[in-house]
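Notes to accompany the following structure.
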Amino acid sequence: MKYTLLISAVIATLSLVACERATVVTPAPATVVVPGPAGPTGATGDQGATGGQGATGGQGATGSTGDQGATGATGNTGSGTTVIVTPPASAPAN
């Protein structure tokens, strides 16, 4: 029995030593980036080149027809005499 207890103790020790303990890895704390104060204003840039002239526009649409004018006043009635004007007679052909 003496040997049985000793062998059991050796086996228990060896079995516990054979188990690998898990290595605990502590994660690094997250780095928070905080912006600093704004820097000085930069120098003013050069003025850009003048742009080219644009293309001529197209012809506009035709306007609407105008309204009809007002009716004129009625003329005076004639005195009853009718004058007939005849065209001059044509010259005889030679």
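For Ala43, are the conditions met, namely being modelled with pLDDT of 90 or more and either in contact with a strand residue (DSSP E or B) (Cβ under 8 Å, 6 or more places away or on another chain) or not β-branched (Val, Ile, Thr) (or both)?
Taking the combined requirement at face value, the residue satisfies it.
Just wondering, is there one or more residues in the range 28-39 that are exposed (fewer than 10 other Cβ atoms within 10 Å of the Cβ), of a type in the set (Val, Ile, Thr), over 55 Å from the mean Cα position of the chain (by Cα) and in a loop (DSSP other than H, G, I, E, B)? Checking the range 28-39: not a single residue is exposed (fewer than 10 other Cβ atoms within 10 Å of the Cβ), of a type in the set (Val, Ile, Thr), over 55 Å from the mean Cα position of the chain (by Cα) and in a loop (DSSP other than H, G, I, E, B).
The values are calculated or read from the model by the stated rules, or taken from the named source; none is laboratory data. Please read all numbers here as calculations on a predicted model, not as lab measurements. Backbone-built Cβ (ideal geometry, glycine too); neighbour counts: all protein chains shown.
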